[in-house]
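The values are calculated or read from the model by the stated rules, or taken from the named source; none is laboratory data. Note that the structure is a prediction, hence the values are computed from the model and not measured. Reconstructed Cβ throughout: ideal geometry from the backbone, glycine too, with neighbour counts over all protein chains shown.
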Amino acid sequence: MLDEIERIKAVTEEELSRRTARLEQLTKQFGDPFRTTQFPKTHDALAIKEKYAALSEGKKTTDRVSVAGRIMAIRNGGTA
């Protein structure tokens, strides 16, 4: 039982060392991965949906908006 615990500790320490080295490599290459960034969001999805509900299909506007969040679905049913 003690041998198994020591083996698990060694594997855990080895994995931690590997991950730390990888983090250091990525930090040198790309900068601090945990740096807080800001994204200037101008609208939420509901506001855009409501504002353009009357816009007919294929119709475009010159309005520009910035939104943030996850893409839940892409419905690309035609040509642009």
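Which residue, of PHE39, PHE34, is in a loop (DSSP other than H, G, I, E, B) and either touching a residue at least 12 places away in the same chain (Cβ under 8 Å) or β-branched (Val, Ile, Thr) (or both)?
Just a single option satisfies the conditions, and that option is PHE39.
The conditions are (1) modelled with pLDDT of 90 or more; (2) surrounded by 10 or more Cβ atoms within 10 Å (Cβ to Cβ); (3) of a type in the set (Lys, Arg), and LYS28 fails exactly one of them. Which is it?
(2)
Per-residue answers, yes or no, for (1) surrounded by 10 or more Cβ atoms within 10 Å (Cβ to Cβ); (2) in contact with a Phe, Trp or Tyr (Cβ under 8 Å, 6 or more places away or on another chain); (3) part of a helix (DSSP H, G or I):
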position: ARG18; (1), (2), (3): yes, no, yes
position: LEU23; (1), (2), (3): yes, no, yes
position: SER56; (1), (2), (3): no, no, no
position: VAL65; (1), (2), (3): yes, no, no
position: ARG75; (1), (2), (3): no, no, no
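Considering only region 1-47, how many residues are within 29 Å of ARG64 (Cα to Cα) and aliphatic (A, V, I, L, M)?
Of the residues in region 1-47, 3 are within 29 Å of ARG64 (Cα to Cα) and aliphatic (A, V, I, L, M).
Take region 31-49 and flag every residue that is loosely packed, with under 11 Cβ neighbours inside 10 Å and either in contact with a His (Cβ under 9 Å, 6 or more places away or on another chain) or more than 30 Å from ARG19 (Cβ to Cβ) (or both).
PRO40, LEU46, LYS49
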